[in-house]
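Take a look at the structure set out below.
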């Protein structure tokens, strides 16, 4: 009986050490959000789980950025460079994307409304369903 209590206490303590690291954006991601909003560029940077809800991201360069699990809901993505960006499981619901380059981007499991995507470039782009789109690749 005593050992089972010790084991349960150990597992609970271990869980408390592991869960906070995955439950919130990293400090690096928070710093990079500030950098992005200030400089309008964040190439190859970590924005994992970043809160960019309703952000005005017109004209920003996010090529190669890690936006895995980021909240971009209702953001304005006009003339945005998202080449080779990781947008896996990102929340893009209500996001307006116009003249946005998604070449090489990974949108696996992302939530989005295709009706709000206008003149978006898809070339070697992984769609939310895991299929590859080469719609706009040059022959």
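None of the figures in this text is laboratory data; all of them are computed from the coordinates on show. The structure presented is a predicted model; accordingly, all values stated were derived computationally and were not measured. Because the Cβ atoms are built from the backbone with ideal geometry, glycine has one as well, and the counts that use them run over all protein chains shown.
Can you report the number of residues in the stretch 95-133 which are assigned to a loop (DSSP other than H, G, I, E, B) and out of contact with any strand residue (DSSP E or B) (no Cβ under 8 Å at 6 or more places or on another chain)?
From the stretch 95-133, those assigned to a loop (DSSP other than H, G, I, E, B) are 95, 99-100, 102-105, 107-110, 113, 119-120, 122-124, 127-131; that's our starting set.
Imposing the further condition that a residue be out of contact with any strand residue (DSSP E or B) (no Cβ under 8 Å at 6 or more places or on another chain) reduces the set to 109, 129-131.
The total comes to 4.
Filter the stretch 75-110 down to the residues that are in contact with a helix residue (DSSP H, G or I) (Cβ under 8 Å, 6 or more places away or on another chain) and either crowded, with 19+ Cβ neighbours inside 10 Å or farther than 15 Å from residue 51 by Cβ (or both) and list them by number. It would help to see each step written out before you state the result.
Filtering the stretch 75-110 down to residues in contact with a helix residue (DSSP H, G or I) (Cβ under 8 Å, 6 or more places away or on another chain) leaves 94-97.
Within the stretch 75-110, 95, 96, 97 qualify.
Identify, from the list 52, 36, 72, the residue that is without any contact (Cβ under 8 Å) to a residue 60 or more places away in the chain, farther than 20 Å from residue 136 by Cα, in contact with a helix residue (DSSP H, G or I) (Cβ under 9 Å, 6 or more places away or on another chain) and buried (at least 21 other Cβ atoms within 10 Å of the Cβ). It would help to see each step written out before you state the result.
Details: 36 fails: in contact with a helix residue (DSSP H, G or I) (Cβ under 9 Å, 6 or more places away or on another chain); 72 fails: in contact with a helix residue (DSSP H, G or I) (Cβ under 9 Å, 6 or more places away or on another chain).
Just one listed residue meets the conditions, 52.
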